[in-house]
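Okay, so here's the structure we're looking at.
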Amino acid sequence: MTYQELIDSVNLNILKTTYLFYGEEYYLMDYALKLIKDKFVDKNLEILNYQVLEGKDIQFEDIYNACETLPFMSQKKIVVVNDLGVFNRKKKGEGDTFQKKDDELKKYIESLEDYVTIIFIEKEGNVNKGKSIVKSIGKIGHVVEFKKLRGKKLNEWIKNKFKEYGKNISYYSIKYFIEYSFCFSKELNKTLI
């Protein structure tokens, strides 16, 4: 699944139980996550229906406990797991604890109920698409690669961002903007204003 397909499905209120976000475009990854959060989680109930787990030291029990709590006054609960490390290619010597985490997690995500959506975000390293857990996520939900936008897609994205702020921009200005800005840094919205 591409970034744009994900955005389109979220705008149609379609959200699967499991996602894996990875790639080199962190800004778009964060943007997609914010869109999902804004669309499916009430700000007043965010503390109860939106949970973020960080790091490779997360145990399976932490993920299980976060997902098994029912959403409060909402149809969805969203659990975000950042940089778990089970989706990457392993170095020699790594593997025993990761393999155990892989197996438990794979079985669990295959049995998730519709009231919860778990989003794995891998910003460190490459995702091994041949791993069984990645294949399982692809069958149950979606594996979304966030590639750097280039060419026409980048131009359209910038033009749309300018429109959001009530501004118009020409093709030549877009080219100039791309050439002389830090495109897609965390400060892009400030650059656009």
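The values are calculated or read from the model by the stated rules, or taken from the named source; none is laboratory data. Since the model is a prediction, treat every value here as computed from it, not as a measurement. Note: ideal-geometry Cβ built from the backbone for every residue, glycine included; neighbour counts use all protein chains shown. All accessible areas refer to the heavy atoms of the entire protein, side chains included, with ligands and DNA or RNA removed. Shrake-Rupley method; radii C 1.70, N 1.55, O 1.52, S 1.80 Å.
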| said: Can you find a residue that is at pLDDT 90 or above, open to solvent by 30 Å² or more (accessible area, probe 1.4 Å), over 20 Å from E145 (Cα atoms) and in contact with a helix residue (DSSP H, G or I) (Cβ under 6 Å, 6 or more places away or on another chain) anywhere in the range 90-104? | reply: no
| task | Take the residues in the range 152-193 that are at pLDDT 80 or above, open to solvent by less than 70 Å² (accessible area, probe 1.4 Å) and among the hydroxyl-bearing types (S, T, Y), then tell me which one is nearest to E25 (Cα to Cα). | result | S173
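Looking at G141, is it in contact with a Ser or Thr (Cβ under 9 Å, 6 or more places away or on another chain) and within 30 Å of S111 (Cα to Cα)?
yes
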